[in-house]
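Peer 1: Questions regarding the structure given below will be posed in turn.
The values are calculated or read from the model by the stated rules, or taken from the named source; none is laboratory data. Only a predicted model underlies this, so the values are computations on that prediction, with no experimental measurement involved. Note: ideal-geometry Cβ built from the backbone for every residue, glycine included; neighbour counts use all protein chains shown.
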Amino acid sequence: MNLREKQGKNEVRMLDAQGLCDYLSMGKTRATEYAEKWGAKRKLGKRTLYDKKIIDKVLDELESEEETNE
């Protein structure tokens, strides 16, 4: 059993471009555009990854803004 399973965290934090597209249900261009705008883009060496915690925070804030506007 690895550390992630011991801590009860089966989800990854950093998403690659395909994982980002799947997570947001968007195409690559639009998903990466939003992630960069939200500040979730991270460069690790040659790889570009996207921080899921930041994306979740932004999406949660969008939901609460919509609820207060209703």
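Peer 1: Could you please find all residues in the range 23-36 being surrounded by 12 or more Cβ atoms within 10 Å (Cβ to Cβ) and either more than 15 Å from Lys53 (Cα to Cα) or not acidic (Asp, Glu) (or both)? So that I can check it myself, show each step before the final result.
Peer 2: To start, the set of residues in the range 23-36 that are surrounded by 12 or more Cβ atoms within 10 Å (Cβ to Cβ) comprises 23-24, 26, 31-36.
Tyr23, Leu24, Met26, Ala31, Thr32, Glu33, Tyr34, Ala35 - these are the residues of the range 23-36 that are surrounded by 12 or more Cβ atoms within 10 Å (Cβ to Cβ) and either more than 15 Å from Lys53 (Cα to Cα) or not acidic (Asp, Glu) (or both).
Peer 1: I'd like the full set of residues that are over 19 Å from Glu11 (Cβ atoms), modelled with pLDDT of 95 or more and among the hydroxyl-bearing types (Ser, Thr, Tyr), limited to the range 24-70.
Peer 2: Matches in the range 24-70: Thr29, Thr32, Tyr34, Thr48.
Peer 1: Any idea which residue in the range 9-23 is farthest from Leu62 (Cα to Cα), counting only those that are among the acidic types (Asp, Glu) and at pLDDT 95 or above?
Peer 2: It comes out as Asp16.
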